[in-house]
Amino acid sequence: MEIRRYKSVDLRQISRLFYETVHAVNIKDYTKEQVNAWATGRIDLKEWDASFQRHIAYVVTENDLVVGFGDIDRTGYLDKLFVHKDFQGTGIATMLLEEIERYAITAGIMRITSEVSLTARPFFEKKGYIVKEEQK
């Protein structure tokens, strides 16, 4: 596996990974209606690409397949962190989070914030993150 900075050519795979993962993995914590609203399959690719270009974004690949992605903005807001449904529990999320944290340290960011899913919450808590406020 290789971790590297995001490139626009990764976006098609990222959009498919996002949709499939939300529908296959997050469904255990959300209703079908909720996952359908969250991952509609109609991502605005230009908007997502612009967001990844503004942020510090990373992808993990294996044999040219994007198996994970994550990004953080310059204020320390961790916007997205997703791992391919078939690669859950393989250390990819940890690899991405560690790379994001390394960036944050070098950029002088003192606190990382995010809005994480119920599914991702145990992962982040295990990594030392704390819940400040639950969202509905």
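The values are calculated or read from the model by the stated rules, or taken from the named source; none is laboratory data. All values derive from a computational prediction rather than experimental measurement. A quick note on method: Cβ atoms are made from the backbone with ideal geometry, for glycine too, and the neighbour counts reach across all protein chains shown. Ligands, DNA and RNA are stripped out before the accessible areas are found, and what is left, the full protein with its side chains, is counted by its heavy atoms. Shrake-Rupley method; radii C 1.70, N 1.55, O 1.52, S 1.80 Å.
Might you tell me the accessible area per residue for the chain, computed with a 1.4 Å probe and given in Å²? Write out the running numbers ahead of the final one.
On the way: 8400 Å² over 136 residues.
Ligands and nucleic acids excluded, the result is 62 Å² per residue.
For ASP44 paired with ALA107, estimate the spin-label separation in nm (one decimal), with each label point 7 Å from Cα along the Cα-to-Cβ line.
Distance between label points: 2.2 nm.
Once neighbouring chains are kept in place and the probe is 1.4 Å, which whole percent of the accessible area of the chain is contributed by carbon and sulfur?
In the chain, the share of accessible area belonging to carbon and sulfur is 49 percent.
Can you tally the lysine pairs in the chain where the Cα-Cα distance is under 28 Å and the two residues are eight or more apart, or on different chains?
29
Let a ≥ b ≥ c be the square roots of the eigenvalues of the Cα gyration tensor of the chain; is it rounded (a/c under 1.5), or, if not, prolate (a/b larger than b/c) or oblate?
rounded
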